[in-house]
Amino acid sequence: RAPCAMDWQVLTRELSLYLESQVRVGFFGSGVGLSLVLGFGVAYACYYLNSIAKKPQLVASNDRFCRFLEEYCPVVTETYYPTIWCWEGRVQTLLRPFITSRPQVQYRNELIKTADGGQISLDWFDNNDSSYYPDASTRPTVLLLPGLTGTSRESYILHMIHQSETLGYRCVVFNNRGIAGEELLTPRTYCAANTEDLETVIHHVHSLHPSAPFMAAGVSMGGMLLLNYLGKTGRDTPLMAAAIFSAGWNVFESIESLEKPLNWLLFNYYLTTCLQSSISRHRQMLEKLFDMDLVMKARTIREFDKQFTSVMFGYRSIDDYYEDASPCRKLKSVGIPVLCLNSVDDVFSPGHAIPVETAKQNANVALVLTSCGGHIGFLEGIWPRKCTYMDRVFKQFVQAVFEHGNKIFSM
């Protein structure tokens, strides 16, 4: 029979007495609570170990390059254990800037002139205290390229410099025009497709230290710019090798992903406002060529690029610019060893848009694809403050190139 009202009152009273007793003795001390917590913990650990923690996929057609990485950059073949409480791509992307530390770095700034009358700000970390390479003329040099609105003050750049410092290397950060506090001398900023400023910087750095081993590392848009440069120059570059992190391979796919409602809310709108903020300081100079009121009304990266970036660099349409900016189109022409790290859950560079088959057609290219990590995330450890998986890949690959590079340069 159905319980009557009195039955429910008795059951409710008994349940209340039971819960009160559990509170008095402590939930975990009751045995039941501890069993529930342990059961959940075991279930979560099994799920994490079976579905989250995985070895990255190493894509490379050159067996010698693969063996080189396995021997001197073994991190790319080891299981990546994302932070157990923070492994989802969007969460890693959002939290990394707040969680990771910001190592102290003292820069020496240099402003160099460009052919069109502009100027570029370079931040040098000379590492003059290097005990491994006391001779500055032969001290290995790493050129670092930050992301879309990034500068030499980004935490991931500071970590790369810290890793380089321990190895005795020199670093120089290429800050895109008008973004690091310097004035715009001409109505021009930067984009992912135009490599003129990067070429100027590379040749300038090389001319200062022609006997020093020289390589570059680019992050996000910096990685796209570096890939586009390498696809254009082939082997005709002073760089020995390059490392690329979280590059957007196909801009059309990246933009489409970032325009999904949640991604627009979390990333797209914020980045658009950052782009607008980066040019608002130069409004008086830029108003000579652009309708700045219209540019400042943009609410997506696509709208900003349509009204500003594509116009600045003379593209007929936004599609023409995005096609030219997509590194996947130039990957076949890369002529020096390049290691590219991406996470397949990166909303800025969707996994399905990573050019795996194209990479297999170039013996100079190796892709390292993790299942988790987000965009410039790659957090690992219980409290991922000091070092990320990306930092470890950077350190091992740079050291491998500078100290054992002769084993891949003959391939």
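The values are calculated or read from the model by the stated rules, or taken from the named source; none is laboratory data. Not measured: the values here are computed from a predicted model. Methodologically, a virtual Cβ is constructed for each residue, glycine included, from the backbone with ideal geometry; neighbour enumeration extends over all protein chains shown. Heads up: the accessible areas ignore ligands, DNA and RNA and are worked out on the full protein's heavy atoms, side chains in. Shrake-Rupley method; radii C 1.70, N 1.55, O 1.52, S 1.80 Å.
Simple rule: put +1 on each Lys or Arg Cβ and -1 on each Asp or Glu Cβ in the chain, find the dipole, and look at Tyr169, Pro350, Pro82; the Cα lying farthest toward the positive end is Pro82.
Cross-link reach is defined here as a Cα-Cα straight distance under 13 Å, omitting same-chain residues fewer than 8 places apart; for Lys297 the aspartates and glutamates meeting it are Asp305.
Ordering 253-259, 317-323 by mean Cβ neighbour count within 10 Å, with the highest value first, yields 253-259, 317-323. With the simple spin-label model, which puts each label point 7 Å out from Cα in the Cβ direction, the Leu36 to Thr114 separation comes to 6.1 nm.
What's the longest bit of the chain with no exposed trypsin sites (Lys or Arg not before Pro), using DSSP loop states and at most 13 other Cβ atoms within 10 Å as the test? Answer - 2-234. For the stretch 251-325, which whole percent of the accessible surface, found with a 1.4 angstrom probe, sits on carbon and sulfur atoms? So the carbon and sulfur contribution to the accessible surface is 52 percent. For Lys288, a cut-off of 17 angstrom between C-alpha atoms picks up these aspartates and glutamates, skipping any fewer than 8 places away in its own chain: Asp116, Glu183. Of all DSSP-defined beta bridges confined to the chain, some 40% are antiparallel rather than parallel.
Report the net charge of residues surrounding Pro146, where surrounding means a beta-carbon distance below 12 angstrom and charges are Lys +1, Arg +1, Asp -1, Glu -1. If you can, show how the numbers build up before the last one.
Working: positive: Arg153; negative: Asp123, Glu154.
Computed value for this residue: -1.
For the stretch 320-332, putting each phi into the Karplus relation 6.51 cos²θ - 1.76 cosθ + 1.60 with θ = phi - 60° gives couplings of 4, 5, 5, 5, 5, 7, 7, x, 4, 6, 10, 4, 5 Hz, in residue order, rounded to whole numbers and with x for Gly and Pro. The C-alpha atoms of the chain define a longest principal axis, and helix 269-280 lies at about 30 degrees to it. With Cα atoms as the point set, the radius of gyration and Dmax of the stretch 73-180 evaluate to 16.5, 51 Å.
Taking Cα atoms only, the orientation of helix 5-25 departs from the longest principal axis of the chain by about 60 degrees.
Taking other residues whose beta carbon is less than 12 angstrom from the beta carbon of Gln92, and scoring Lys, Arg as +1 and Asp, Glu as -1, yields -2. Both numbers refer to the Cα atoms of the chain; Rg and Dmax are 25.2, 93 Å. With θ taken as phi - 60° and the Karplus curve 6.51 cos²θ - 1.76 cosθ + 1.60 applied, the whole-hertz 3J(HN,Hα) list for the stretch 238-245 is x, 6, 7, 6, 8, 10, 10, 10 Hz, x standing for glycine and proline. Take 338-350, 372-384 and order them by the average number of nearby Cβ atoms within 10 Å per residue, most first; the result is 338-350, 372-384. For the stretch 53-128, GluC sites (Glu not before Pro) are listed when DSSP marks them as loop and at most 13 other Cβ atoms sit within 10 Å of their Cβ; the list is Glu78. Fraction of C-alpha pairs exceeding 17 angstrom in the stretch 141-239: 51 percent, rounded to a whole number. With everything on Cα atoms, drop me the angle between helix 32-47 and the longest principal axis of the chain, reported from 0 to 90° to the nearest 10. Helix 32-47 sits roughly 30 degrees off the main axis of the chain. Inter-part distance, the stretch 83-102 to the stretch 118-166, computed on C-alpha centroids, equals 24 Å. One equal scatterer on each Cα of the stretch 251-325, no solvent, Debye formula: the resulting log10 I(q)/I(0) at q = 0.21, 0.22, 0.24, 0.25 Å⁻¹ is -0.94, -1.01, -1.14, -1.19.
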